[in-house]
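Here, each number is a calculation from the coordinates, and none is a lab measurement. Since we're looking at a predicted model, the values are computed, not measured. Note that each Cβ is placed from the backbone with ideal geometry, even for glycine, and that neighbours are counted across all protein chains shown.
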Amino acid sequence: MNLRQIEAFRMVMLTGTVTGAAERLSISQPAVSRLLSLLEAKTGLTLFTRSKQRLQPTPEALLFLREVDRSFVGLEKLERAAHNIRTAATGSLRIASIPIVGLVFLPRVIARYRRLHPDVAIGLQTRSSATVMDWMASSNWMATSNYDLGFASSGPEQSNIQKIAYAAIPGVCILPAGHRLAAKSSVEVGDLEGEEFISLDPADGNRVAVDKVFQAADVRRRMSIEAPYALAVANMVAAGAGVSVVSPLATLGFSEEALVVRPFAPVVRFGFSLLLRKDIPLSLAARAFLDITRAHLVELYGQDALVASV
């Protein structure tokens, strides 16, 4: 016997007629009758009696249907599982990220993703770029702590990691509420002459890019405060400790009353990279997540903020 014969039998039992079964299976009535005859020949059972051009199920048919339904429950579960996998509606997703991306931006992306894919389990961890690179590099088919996606700004190259420049967002100048420059619609590098400036760590690539702009303009700042993360910088600025130039991602959790954010000229782009395993294909759930990540970035900062189309 084959699956098509079983489907025809089950559908006749469910609809009560060959006509109903044919409509549900999108085949002709003679085709349904032929499948039933083949099934009866294969099983050696009389499943139906013919009375006034109608099929009447026999007691053996009712017994056989019980077994068929047990099998179809399993098949339907497999069909649902395949559908959920195909539509990224199930599974798990583990993400490793630097804090600037993972603490404020990605939670918003996850909330949007969750509304569309409520049954996908999601794990998010934030660490330094070097640690994110190490975590991604140690992922493999058998590991229980695999990471599907990584977001980092720098770090040692890993032979099994594909590092893709993903976003480059124009930086902003951040000021404490009531600052003398808060009335300006934008802030130029020369406006920050003599200001207490809170910087990222000297080894940070974004710090290097910002310093080059001030050096090229021959603008001097007072620089006595440093922090490893842009979010820490933003909180210190909000508390009145100084001013800074940071990625706008660091300002997402602040109100205008707490932190004044202004465009900065000349443009300094703050970038981060997407990390993918070269030897592990990207899952459908991960692809769906990246689609939402890309859409949210474009909504916030425009198409120009995106570098990669992954």
Distance (nanometres) between label positions extended 7 Å along Cα→Cβ at residue 300 and residue 23: 5.3 nm
DSSP beta bridges in the chain [antiparallel fraction, %, rounded to 5]: 60 percent
Loop-exposed GluC sites (Glu not before Pro) per DSSP, neighbour cap 13 Cβ within 10 angstrom, longest uninterrupted part of the chain: 1-156
Relative contact order, percent, the chain [alpha-carbon distance under 8 Å, six or more residues apart]: 20 percent
³J(HN,Hα) computed for each position of segment 25-37 - Karplus, 6.51 cos²θ - 1.76 cosθ + 1.60, integer Hz, glycine/proline x: 8, 6, 9, 7, 5, x, 5, 5, 4, 5, 5, 5, 5
Residue 241-residue 183 pseudo-label distance in nm [points 7 Å out on the Cα-to-Cβ vector]: 2.9 nm
Kirkwood Rh and Cα Rg combined as Rg over Rh, evaluated for the chain: 1.29
Cut-off under 5 Å, modelled amide H: who pairs with residue 269 long-range: 171
Cα-based helix-to-principal-axis angle, 284-301 vs the chain, degrees rounded to 10: 40 degrees
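What ranking, highest mean first, results for peptides 100-113, 118-131 when packing means the other Cβ atoms within 10 Å averaged over each residue?
On the way: 100-113: 18.9, 118-131: 15.1.
Output ranking for 100-113, 118-131: 100-113, 118-131.
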Charge context of residue 307, other residues only, Cβ under 14 angstrom, K/R +1, D/E -1: +2
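With an 8 Å cut-off on Cα pairs and a minimum separation of 6 or more residues, tell me the relative contact order of segment 172-267 in percent. Write down the numbers at each step before the final one.
Values: 165 pairs, mean separation 46.2, N = 96.
Relative contact order of segment 172-267: 48 percent.
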Residues whose placed amide H lies under 5 Å from that of residue 182, excluding near-sequence neighbours: none
